[in-house]
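I have placed the structure first, in the form of structure tokens, so that the comments after it can refer back to it.
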Amino acid sequence: MKNINKIKITIGITVFKEKKLLLEAWKSVIEQTSQMWEAVMVFDGGGDYKTKSIFDSIEHPRLKKTTFPYNQGPYVCRTKAIELCNTEWYCHLDADDILPEDAIELILNKIDECPEAEYIFGSCKHFSLGNSQVRKPEKNKENLCYSPLFCATAPIKKKLFKRLDGFFIPKNFFHSDWDFWLNVYEQNIIGAEIEKNIYYRRRRKDGITNKNFKYLPKALEQIIERHPIFFKNKKRIRNARRNVYEKTARLYRTYGKRKLAYKYAQLAVKNGSNAPVIDSIKLEYTMPIWRFIIRRIGRVINMSIKVD
């Protein structure tokens, strides 16, 4: 085993209902080209039996585990993982995602090259069955109106997390990563870029944001209120609201809630949206109910054919 005193990074894995995907995530850790890591695994209360059984079966000399008896949510669990981290740096891994085999080696090399950096960022490959897309870090700071400029699980110094008072995690708030990286931007904290993939994120339709999308508009207003430095002009506020209202309208449309879809489509238009989907939402809102039902049945059939 490597000298434990030289290890400077902890990989934190938060676990809930990932089942066998957890084994894939853990395999990506133990197969790293660099073994200069420790690991922490946190099981959130309320996770299913299969996932808990797999969690209990995983053992390693450099892994420590803890379990919450009741459901806490992803950011409480991630906070716990960071608290249990005994190293200078923390690298997060969701239990349904994967680290490229050279991720830790690349991260540690960049840390040595850039000792002033307090976070490391790079490209992220988003993947699902049959397709994938590599997303490079955004260079345009205006895109912070919508989300972090790079993969939100980017490795950070533990001291940075403490200095920024960790995550903002009130009830029904799902922008804790975005909020954190807005704090980093507003305080001009220095990071270092790796021009390679350092994270593989799995696309899932049942992600926590999609499950709780009805709270997105309220959560956005909290973001705007908490970040007066970034949202110092009306254009940024309008852009952020347009984006969230469009997303909310699309998701209500997906679930057949045409009145709510129309409500948020109108709000999106007021904030400058001209997305083609807005016209479809307006059309569905005004058509007779029988025609709307037939249209939805047709859409479901078409989606089924595409999946097959």
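Say we join alpha carbon atoms closer than 10 Å with springs in a Gaussian network model of the chain; which of I297, I189, I223 then has the biggest fluctuation?
Of I297, I189, I223, the Gaussian network model singles out I297 as fluctuating most.
Taking only C-alpha pairs under 8 Å that are 6+ residues apart, what is the relative contact order of the chain in percent?
Numbers: 484 pairs, mean separation 47.5, N = 308.
This gives 15 percent for the chain.
Summing +1 for each Lys or Arg and -1 for each Asp or Glu, what net charge is found among the other residues whose Cβ lies under 12 Å from the Cβ of N243?
Numbers: positive: R236, R238, R241, R242, K247, R250; negative: E142, E246.
With Lys, Arg at +1 and Asp, Glu at -1, the neighbours total +4.
Using only Cα atoms and rounding to the nearest 10 degrees, what angle (0 to 90) does helix 234-254 make with the longest principal axis of the chain?
The two axes meet at around 70 degrees.
Subtracting the Cα-Cα distance from 0.36 nm times the residue separation, let me have the gained length for I289 to C114 in nm, one decimal.
Here the segment from I289 to C114 would lengthen by 56.9 nm.
If I measure Cβ to Cβ between cysteines in the chain, which ones have no partner under 4.7 Å?
Here C77, C85, C91, C114, C145 come out as lacking a disulfide-compatible partner, given the Cβ-Cβ threshold of under 4.7 Å.
With every protein chain left in place, what is the accessible area per residue of segment 133-184 in square angstrom, probe 1.4 Å?
Working: 2510 Å² over 52 residues.
Dividing the accessible area of segment 133-184 by its residue count gives 48 Å².
Using θ = phi - 60° and the Karplus form 6.51 cos²θ - 1.76 cosθ + 1.60, what ³J(HN,Hα) does each residue of segment 215-227 get, whole Hz, x for Gly and Pro?
So the Karplus estimates, Gly and Pro as x, are 8, 4, x, 5, 5, 4, 4, 5, 4, 4, 5, 7, 10 Hz.
Take every DSSP beta bridge with both residues inside the chain and express the antiparallel ones as a percent of the total, to the nearest 5. Intermediate results must be reported in sequence, preceding the final value.
Values: 9 of 35 bridges.
Counting DSSP beta bridges with both partners in the chain, the antiparallel share is about 25 percent.
If you line up the long axis of helix 103-113 against the longest principal axis of the chain, both from Cα atoms, how many degrees apart are they, to the nearest 10?
70 degrees
On the accessible surface of the chain, probed at 1.4 Å, how many percent belong to carbon and sulfur atoms? Can you show the working numbers first?
On the way: 8530 of 16570 Å².
Its accessible area is 51 percent carbon and sulfur atoms.
Once the Cβ-Cβ distance between R135 and D48 is put in as r, and R0 is 25 Å, what FRET efficiency do you end up with, to the nearest 0.05?
Working: r = 30 Å, r/R0 = 1.20.
According to the calculation, E is roughly 0.25.
Go ahead and estimate [θ] at 222 nm for the chain from helices alone: -39,500 (n - 2.57) per DSSP H run with n ≥ 4, summed, over the residue count, rounded to 500. Each step should come with its number before you reach the end.
Working: 12 runs with 136 residues, N = 308.
Counting only the DSSP helices, I get -13500 deg cm²/dmol.
Can you send over the solvent-accessible area of E138, 1.4 Å probe, protein chains only, in Å² to the nearest 10?
Around 90 Å² of this residue is reachable by solvent.
Running a GNM on the chain with Cα contacts under 10 Å, which residue among F121, F68, F150 ends up with the highest mean-square fluctuation?
Of the options given, F68 has the highest mean-square fluctuation.
Between 0 and 90 degrees, rounded to the nearest ten: what's the tilt of helix 21-30 against the longest Cα principal axis of the chain?
In the chain, helix 21-30 runs at an angle near 30 degrees to the longest axis.
The values are calculated or read from the model by the stated rules, or taken from the named source; none is laboratory data. Values in this document were obtained by computation on a predicted structure and should not be read as measured data. Quick reminder, even Gly has a Cβ in these numbers, built from the backbone with ideal geometry, and neighbours come from all protein chains shown. Keep in mind that these areas ignore ligands, DNA and RNA; they rest on the heavy atoms of the full protein, side chains included. Shrake-Rupley method; radii C 1.70, N 1.55, O 1.52, S 1.80 Å.
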